[in-house]
1. Testing the spin-label approximation: label points 7 Å from Cα along Cα→Cβ at residue 132 and residue 149. State their distance in nm.
2. Report, in deg cm²/dmol and to the nearest 500, the calculated mean residue ellipticity at 222 nm for the chain, where each DSSP H run with n ≥ 4 adds -39500 (n - 2.57) and the sum is divided by the residue count.
3. Count the DSSP beta bridges whose two residues both fall in the chain, then state the antiparallel fraction as a percent rounded to the nearest 5.
4. With 10 angstrom as the radius, rank 98, 39, 54 by how many other C-beta atoms surround their C-beta, starting from the fewest.
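No lab work stands behind these numbers, since they all come straight from the coordinates. This structure is a prediction, so every number in the text was calculated from the model and none was measured. Using ideal geometry, Cβ is built from the backbone for each residue, glycine included, and neighbour counts are taken over all protein chains shown.
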Amino acid sequence: MFGECHAHFAMDGVNYKQAMARHKDAPDEAHIRACFEAYRAHDITFVRDGGDKYGVSRLAKRIAPEYGIDYRTPIFAIHRRGCYGSIVGRAFDDLRGYAELVDEAIRQGADFIKIMTTGLMDFNEFGRITHIDLDPAEVREMVHIAHEKGCAVMSHTNGARAVLAAIEAGVDSVEHGNYIDEECIAALAESRTCFVPTAAVAHNLMGRGLYDEAVLARIWEASRQAIARAAEAGCLLALGSDAGAVCVPHGQGACDEYACFEAAIPDAAARDAILSRGETFIRTTFSRMT
Ligand SMILES: [Zn+2]
């Protein structure tokens, strides 16, 4: 089985507020161990976390070897104060503050840096992103600072304009990347940025009566087409489900994301070749050892 290139051990796939509340005083080790058991049950031996603000992924990194799992974490994600990201990380006010957070993540054992450059998708309105984007010049500086300190950058980014800015800034992976267009695909194909579409998030929400079904169906179809186009164009693509998000269980999430890739890339041999190339890229790039 392929690895899971985008998970959040702090969350439980059910209710993020309740999940986060369990870690408030100290990371819930029983929950972390249950996550590892779920990955082991699915024969998944590689997990890249997206970080959290309570030290859950930091503890998970310490106990991962007991489960034979190669687990990578940014410790916490980094966002601009007032922009999206407070549920998974820590905020900066200016680039000096950002650089201090990068140093802090490294001190705590981060394998790479995770940044948030946009908001989330609005599942009730197609095309809408919940928060404003960071300034492209600032994103460029953020990536430069992390790279200077020997860290790859995982970038939470949605929307064509912001995805293009992230690729041009040299991020090592674009996460979610909803609503990308042909210009983004062409830029991705020419870059060494890996696209991790997390299509399972919208797909798994379908039919549950939680959001507007027509909007979810359009988001999923747009993701499916983006994966297909990125594959055709020769872009780096990796399997990451955002496991821990609502309706995306740990372990099973990677299988659900694989099913999304099956729908987007029908040729099994081509699909698996693309995903193994992407995973190799993630494994080798998102490590401070290399
Ligand atoms: Zn995430």
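1. 2.6
2. That comes out to -14000 deg cm²/dmol.
3. Around 5 percent of the beta bridges assigned by DSSP in the chain are antiparallel ones.
4. 54, 98, 39
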